[in-house]
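Report on the following structure.
Each reported figure results from applying straightforward, stated rules to the coordinates on display, with no laboratory input. Since the model is a prediction, treat every value here as computed from it, not as a measurement. As a convention, Cβ positions derive from the backbone with ideal geometry for all residues, glycine included, and neighbour counts pool all protein chains shown.
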Amino acid sequence: MTKARPLLATHAVTKTFGGVRAVDRCTLAVQSGTITGLIGPNGAGKTTLFNMIIGLYAPEEGSITFGVERIDGLPAYEIVDRGVVKSFQIPREFRRLTVLENLLVAHPRHPGENPIAALFGRRRVWDHEEMIRKKGLDMLALVELDPLSDAYASDLSGGQKKLLELARALMTEPKLVLLDEPVAGVNPTLTKKLLSLLSDLRANGKTFFMIEHDMDVVMTQCDRVIAMHQGRPIAEGSPVEVRRDEKVLEAYLGA
Amino acid sequence: MAELTGVVADVSRFLAYFAIWGILAIALNMQLGQAGLYNAGIVGFWGIGAYAAAMVVTDPVAAGIATPGHWGIDQSVFPRIAGVSTSFAFGVVVAGIAAAVLAFFIAIPTLRLRADYFAIATLGLGEITMRVFVKNLQGVTGGVYGFGGIPRPFEFGFETYKTELSYFGLVAVALLVIFLAVERMSRSPWGRALRTVREDEDAAQAFGKDTFFLKLQSFVFGAFLMGVSGALFAFWLRGVFPPENQFTPQDTFTVWVMVIIGGMGNNRGVLLGAWVFLFLEYVTVRLPSWIDIPQAFAIKIFYFRLIAIGVILILIILFRPQGLLPEKKHVAKRPRWVLNW
């Protein structure tokens, strides 16, 4: 396999909380068109790394590039504009917005999101609204939440909120989706459906970078796996290779 | 007949007062109910609006032995339309802009603060505005004396009921226009984006919202409305006076109580909240003149309203925290009229 320029690359990024180096000079890359798994014991720094990539935390050292562009230091709303989005591990749905509205707000560059357009209403705004509304309903159908489109997001069950997270992330028209434990708490039937949805989307050119603890999911879904421990990658390769890696076993089982 | 005109004047005066507070409640609802901004400095924006409008509609007064003097504009520069000076229209607009500019400069350093810290900062800055600046700018604002002699757009001399009734009509139109505009904006995609900031600011950022800019828009627009309300209040009162006489933090908390009682996020609700609050005030003030109440009690009854408000507030927070009229689902809908541009 020829090594193309990776879609996402981090170079020696570091983030500390108090005295803890949550992510410690972490360098890794995600190739375009793959589903790349990110595994590691609790506290390995996986979620912190994700939050740096999407701009919620600024890295203290190092750089992050997406395609050819450096994105570290950009505010989160500009990074999502460039096509990187994350679905949160603990759902962060907008509670007192409806399920459908949660998707509509995620669609990028809505021409109606300024006070002048809000007051004087333009036809273009409402045509756009109509268009993304259809899109949002299709997306909800994909994750089987369409009967609940008008319910408040806070009224969904835990598993349904995970699905909403995924649908909302896809609504931003991303190139790269960071999934933080997307199927934890989702029932097995729906998990299967979700995973096949991911494969379909990957076939359509989307790239996924996924934190997942369920090794079955990692083994069957991921093309590449990166294992993290104490803030930096310790192994990388195909799922089988990583699973056999001694350093990985040691990290999980303790030395 | 004399009695009837007296009642008309009294009721009109009260209803205009209600409309002025209604605008304040809607303005706070734009900031707090939509974008989740804990503005505790309402009185600063209201007061700046009142003073700015008062200066636009009065002639300047030079400092004298007994008066500190205040700024003003020579009223002859304003053209009159059908006998009504256009200075009032300018006054309202200038008041809104003055409050919006103040909000802009307050927002730049403070909008990064989260909920309760933002409340403390705005409370402090509102007080600084009124007590440090407005109260001490002797030759500009009338200093500790403030100034009176502010006219109304429509004056009918001794026919007080006409003056009061026409002013109520004017303020009612202002309230209606503001209500419809804010409702429309709340239902728009912009209102929806503001609510994402209210619900979860980090998530809003991660899903593409420039949350600082959205909060700034909401805060400045809300402050503009507070300034407009201040202008209408200055005309209503025919004078502007610095804190402790007017524009104390109690006014800020009154608006908060109105919004909490009525229903945060619901513009009809906050108007109902304003009504509940002010109607109690009106009734307790007028009751002794309507029915026979023992003298000792008659003086105190006004203060019983504070107890009543306190009890109502506690009951609502305990049993109906979403307010009398809770927020409705504001699903964005194409309005009846849209411009094609």
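Qualifying trypsin sites (Lys or Arg not before Pro) in the range B:104-194, where qualification requires a DSSP coil assignment and no more than 13 other C-beta atoms within 10 Å, comprise B:ARG112, B:ARG114. Ignoring aspartates and glutamates fewer than eight residues from A:LYS46 along the same chain, the ones with Cα atoms less than 12 angstrom from its Cα are A:ASP24, A:ASP180, A:GLU181, A:GLU212. Counting Cβ atoms of other protein chains within 10 Å of each residue's Cβ and taking the mean over peptide B:322-333 gives 3.
Spin-label model, A:THR34 to B:ILE65: label points 7 Å out along the Cα-to-beta-carbon direction sit 9.2 nm apart.
Ranked from largest, the principal axis spans of the Cα set of the protein assembly as shown equal 97, 54, 49 Å. Normalising the average separation of contacting C-alpha pairs (under 8 angstrom, six or more residues apart) by the number of residues puts the relative contact order of chain A at 27 percent. For the range B:246-341, trypsin sites (Lys or Arg not before Pro) are listed when DSSP marks them as loop and at most 14 other Cβ atoms sit within 10 Å of their Cβ; the list is B:LYS328, B:LYS329, B:LYS333, B:ARG336. Placing unit charges on the Cβ atoms of the charged side chains and taking the dipole of the range B:2-248 about its Cα centre, the candidate lying farthest along the positive direction among B:MET30, B:TYR167, B:GLY148 is B:MET30.
Calculated on C-alpha atoms, the gyration radius of the range A:94-155 divided by its Kirkwood radius gives an Rg/Rh of 1.01. In debye, nearest 20: dipole of chain B around its Cα centre with unit charges on the Cβ of K, R (+) and D, E (-)? Approximately 980 debye in magnitude. Ranked by how many other Cβ atoms sit within 10 Å of their own Cβ, fewest first, the residues B:GLU164, A:GLU250 fall in the order A:GLU250, B:GLU164. The ranking of A:ILE79, B:ILE309 by Cβ neighbour count inside 10 Å, starting from the fewest, reads B:ILE309, A:ILE79. Legend: calculated FRET efficiency, A:ALA151 to B:LEU137, from the Cβ-Cβ distance at R0 = 51 Å, rounded to 0.05, equals 0.40.
Measuring between their Cα centroids, the range A:123-169 and the range B:1-51 lie 39 Å from each other. Residues A:LYS162, A:LYS192, A:LYS46 in ascending order of nearby Cβ atoms (within 10 Å, fewest first): A:LYS192, A:LYS46, A:LYS162. Mean silhouette area of the range B:2-248, derived from the convex hull of its C-alpha atoms and averaged over all directions, reads 14.6 nm². Ranking A:ALA4, A:ILE35, A:PRO91 by Cα position along the charge dipole of the range A:1-110, where only Lys, Arg, Asp and Glu carry charges on their C-beta atoms, puts A:ILE35 farthest toward the positive end.
Taking the Cα centre of the range A:94-155 as reference, the dipole from Cβ charges on Lys and Arg (+1) and Asp and Glu (-1) amounts to some 340 debye. Residues of the range B:181-211 with amide nitrogen under 20 Å from the 7 Å Cα-to-Cβ point of B:ARG336? Zone members listed by number: B:181-189. A straight line joining the Cα centroids of the range A:70-114 and the range B:130-187 runs 42 Å.
Within 10 Å of the Cβ of each residue in A:93-103, the mean number of Cβ atoms contributed by other protein chains is 5.
Distances between placed amide hydrogens fall under 5 Å for A:GLY37 paired with A:MET210, A:ASP223, A:ARG224, A:VAL225, A:ILE226, all partners being 5 or more residues away or on another chain. Grab every C-alpha pair in the range A:1-106, bin the distances at 10 angstrom width from 0 up to the longest one, and report whole percents. Per 10 Å bin, starting at 0, the Cα pair percentages come out as 13, 42, 32, 12, 1. Taking Cα centre as origin and charging only the Cβ of basic (Lys, Arg, +1) and acidic (Asp, Glu, -1) residues, the dipole magnitude of the protein assembly as shown rounds to 700 debye. Measuring against 25 Å, Cα to Cα, the residue pairs A:LYS175/B:LYS329; A:LYS86/A:LYS193; A:LYS175/B:LYS333; B:LYS215/B:LYS328; A:LYS192/A:LYS247 contain A:LYS175/B:LYS329; A:LYS175/B:LYS333; A:LYS192/A:LYS247 as the ones spanning a longer distance. Projecting the Cα positions of A:VAL143, A:ILE116, A:VAL225 onto the charge dipole of the range A:98-244 (unit charges on Cβ atoms of Lys, Arg, Asp and Glu, taken about the Cα centre) puts A:ILE116 furthest along the positive direction.
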